[in-house]
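Colleague: Below are the structure tokens for one structure; questions will follow.
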Amino acid sequence: MDALLIQLRQLKLAAMANALEQQRLAPHTYAELSFDERLGLLVEQEHLARDNTRLQRLRKQANLRLKATPEGLRYPAMRGLRAEQITPL
């Protein structure tokens, strides 16, 4: 492991370090991107990882009884709901 990856992990930027490793494993995929574009991809990976971790933590703290999803909603006529009303939300 090189010094850059170690430093990224010490700075608690593990997702960025993992994304850099992926870029190094497939150099042909990223060869035509500029420095700024490649750096942007690394930062985006870190940001997404942190957002996902935060959402998982919040879901766990919420102690919800059911793991409901919008796809699992039923729209009975007596409730006056239609899928077209809920989908944009």
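The values are calculated or read from the model by the stated rules, or taken from the named source; none is laboratory data. All values derive from a computational prediction rather than experimental measurement. Using ideal geometry, Cβ is built from the backbone for each residue, glycine included, and neighbour counts are taken over all protein chains shown.
Colleague: Whether any residue in region 1-22 is of a type in the set (V, I, T) and loosely packed, with under 11 Cβ neighbours inside 10 Å is what I want to check.
Modeller: no
Colleague: Next up: Of everything in region 37-89 that's β-branched (V, I, T) and within 22 Å of the chain's Cα centre (by Cα), which residue is farthest from L11 (Cα to Cα)?
Modeller: If we take residues in region 37-89 being β-branched (V, I, T) and within 22 Å of the chain's Cα centre (by Cα), then T87 is farthest from L11 (Cα to Cα).
Colleague: For region 52-89, which positions are surrounded by 10 or more Cβ atoms within 10 Å (Cβ to Cβ) and in contact with a Pro (Cβ under 9 Å, 6 or more places away or on another chain)?
Modeller: I86
Colleague: Any idea which of A49, A17 is small (G, A, S), without any contact (Cβ under 8 Å) to a residue 24 or more places away in the chain and at negative phi?
Modeller: None of the others qualify; the one that does is A17.
Matching residues to (1) in contact with a strand residue (DSSP E or B) (Cβ under 9 Å, 6 or more places away or on another chain); (2) modelled with pLDDT under 95; (3) within 30 Å of K67 (Cβ to Cβ):
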| position | (1), (2), (3) |
| --- | --- |
| L4 | no, no, no |
| L8 | no, no, no |
| K12 | no, no, yes |
| A17 | no, no, no |
| P27 | no, yes, no |
| S34 | no, no, no |
| R38 | no, no, no |
| E44 | no, no, yes |
| T53 | no, no, yes |
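Colleague: Out of (1) surrounded by 10 or more Cβ atoms within 10 Å (Cβ to Cβ); (2) of a type outside the set (G, A, S); (3) out of contact with any helix residue (DSSP H, G or I) (no Cβ under 6 Å at 6 or more places or on another chain), the odd one out for P27 is which?
Modeller: Only one criterion is unmet by P27, namely (1).
Colleague: Scanning region 74-87 for residues that are among the charged types (D, E, K, R) and assigned to a helix (DSSP H, G or I), which turns out modelled with the highest pLDDT?
Modeller: Of everything passing the filter in region 74-87, E84 is modelled with the highest pLDDT.
Colleague: Of all the helices (runs of 4 or more DSSP H) wholly in region 5-73, which have at least 3 residues that are within 30 Å of P88 (Cβ to Cβ)?
Modeller: Answer list for region 5-73: 35-62.
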